[in-house]
Amino acid sequence: MEIKFRYAVEGDEKLILYFIKELAEYEKMSDQVVANEKLLNEWIFKKKKAEVLFLLEEGKEIGFALFFHNFSTFLGRAGIYLEDLFVLPQYRKNGYGKAILKKLAKIAVERGCGRLEWWCLDWNKPSIDFYISMGAVPMDEWTVYRITGDTLTKLAEQTN
């Protein structure tokens, strides 16, 4: 089995959205997907705010990783933040997830990044066990905070 990758190009928006929806279904969060092909085109390809790497088997896309650069002030350099990693269920347990993480680590090293990081849902024990087996360390002393939707808009509109 030869593992191949390709970066998404303009015109792949439908395929990217397919993988996003498959991941959302797996995470029981389908109702939260508001992304569409037009938005993906704008933010990934026009504004270049994220990158997508497809994993291929025999020329067919069977998994994807969506990632972007963040920045560590303590390290004084960029890192890669992995937003989504997903392999179609029928292809799991074949080393593909590990291959994607290895590829992302290689990209991070080639770009001089100081780290590769991601979040994982607390209930997703299979993924957590897999990440720990790869040497990942949970950041259990940190809590993620988020502002979205109307709360984000209201905060942005505050004048003082």
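Each principal axis of the Cα cloud of the range 17-160 was evaluated for its coordinate range; sorted largest first, these ranges are 55, 35, 33 Å. A simple rule links phi to the HN-Hα coupling: the Karplus curve 6.51 cos²θ - 1.76 cosθ + 1.60 with θ = phi - 60°, which for the range 35-45 gives 4, 9, 4, 5, 5, 4, 4, 4, 7, 8, 9 Hz, with x for Gly and Pro. What the Cβ-Cβ distance of GLN158 and ASP122 gives, at R0 = 35 Å and to the nearest 0.05, is a FRET efficiency of 0.65.
Helix-only arithmetic for the chain: the sum of -39500 (n - 2.57) across DSSP H runs with n ≥ 4, divided by the residue total, places the mean residue ellipticity at 222 nm at -9500 deg cm²/dmol. Here the dipole of the range 94-153 is about 420 debye; that uses its Cα centre as origin and unit charges on the Cβ of Lys and Arg (positive) and Asp and Glu (negative).
GNM, the chain, Cα, under 10 Å: largest mean-square fluctuation among LEU40, LEU116, LEU75? Ranking LEU40, LEU116, LEU75 by mean-square fluctuation puts LEU75 first.
For ASN70, the residues 5 or more places off, or on other chains, whose built amide H falls under 5 Å of its own are GLY79, ILE80, TYR81. From the residues TRP43, THR148, TYR7, which one has its Cα farthest along the dipole of the range 4-157 in the positive direction, the dipole being from +1 and -1 charges on Cβ of Lys/Arg and Asp/Glu about the Cα centre? Final value for the positive-end residue is TYR7. In a reduced charge model with +1 at each Lys and Arg Cβ and -1 at each Asp and Glu Cβ, the chain shows a dipole moment near 480 debye about its Cα centre.
Read-outs: derived from the displayed coordinates by stated rules, not from any lab. Note that the structure is a prediction, hence the values are computed from the model and not measured. In this analysis, Cβ positions are derived from the backbone assuming ideal geometry, glycine residues included, and neighbour counts consider all displayed protein chains.
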